[in-house]
Amino acid sequence: MTWFRRAQERAQDALAPHDDPEDKPEALLGHLFDLVHEINRNAGRMPAEAVVSARQVLDVVREVIETADEGQLDVHAIVAIRGILGDYLPTTLRTYLALDPGAVHRPRPSGRTPNQSLLEQLDALWTSATDLLDAIRAQDADAMLTQGSFLRTKFSGSDLDL
């Protein structure tokens, strides 16, 4: 029955966490700093408020990355960070930068200008990043409360003492 064992081992390998070097905090920070340089390089082509907002998004993402415990981040945090750094923020900025500079102040059918849309999208990204940071901090606080309960139970009198 070696075929069964091999199939079982392949299934376990598929479920086992893989250490992707791109998921390490150092790699994520590298992507973040590349994006900071891209924002700085294009600052003259974007509204000043958009530059500030984009940098604020990255500041929050950096805080999330810096929560890494022993070089490890929560898988949900990694997915969110990679989405923000590798897709959402760069796509938002590059789409705006690809516009004709004369069109950025003209209202579109939605009634908003591309400048307004850019700021709304950056605000949505900032909200998402701060929600992620809040969730990680709450998780850490919950872990601390759980540890405190364990220690009280472990080192205080028994719950069975009368």
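Please arrange ARG45, ARG94 by how many other C-beta atoms lie within 10 Å of their C-beta, fewest to most. Don't jump to the answer; show the numbers that get you there.
Values: ARG45 14, ARG94 11.
Final ranking by Cβ density, sparse to dense: ARG94, ARG45.
Determine the gain in length on full extension of the stretch GLU49-LEU99; use 0.36 nm per residue of separation and subtract their C-alpha separation, reporting nm with one decimal.
Extra length from GLU49 to LEU99 when fully extended: 16.2 nm.
Regarding region 22-134, what are the three Cα extents along the principal axes, ordered largest first, in Å?
49, 25, 18
At R0 = 25 Å, how high is the FRET efficiency between ALA138 and ASN40 if r is their beta carbon distance? Nearest 0.05 is fine.
0.15
Values in this text are rule-based calculations from the coordinates and carry no lab data. Just so you know, these numbers come straight off a predicted model, no measurement behind them. Here Cβ is always computed from backbone atoms with ideal geometry, including for glycine, and neighbour counts include all displayed protein chains.
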